[in-house]
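Report on one structure; see the data block that follows.
Nothing in this text is a laboratory measurement; each read-out follows from the coordinates by a stated rule. Keep in mind that this is a model prediction, so the values were computed, not measured. Because the Cβ atoms are built from the backbone with ideal geometry, glycine has one as well, and the counts that use them run over all protein chains shown.
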């Protein structure tokens, strides 16, 4: 499980859907949850949790609709027969993605190269600290 610690900077809520913006270092990540705004407060510290299988990879030049889209260098690749584990350095914090070996081969991922990794906001879970 990937985990990032951050501070809630903005909350937008309507009709039982809440979009929470969390500052992690100098970057903003978002979480889209079914909840009322009152459960979270601005400036509250939270952990952002998301599964490795939900982290997608693209070339640096790719345009994606995911709000949580960042370019980071690959620090580690563990290639299996079907799946590959890829680790990124996100401002000193390791982020792991598990993708198919074929997808990794198609992208020509290599340790040291920068790639885009992204996660849809509805796949990010907040954990109160």
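Potential lengthening of the chain between residue 113 and residue 78 amounts to 11.1 nm, from the contour at 0.36 nm per residue minus the alpha-carbon distance. In the chain, the calculated helix contribution to ellipticity at 222 nm averages -1500 deg cm²/dmol per residue, counting -39,500 (n - 2.57) for every DSSP H run with n ≥ 4.
Computed from label points 7 Å out along Cα-Cβ, the spacing between residue 93 and residue 51 is 2.1 nm. Put the Cα centre of the range 50-106 next to the Cα centre of the range 1-47 and the gap is 23 Å.
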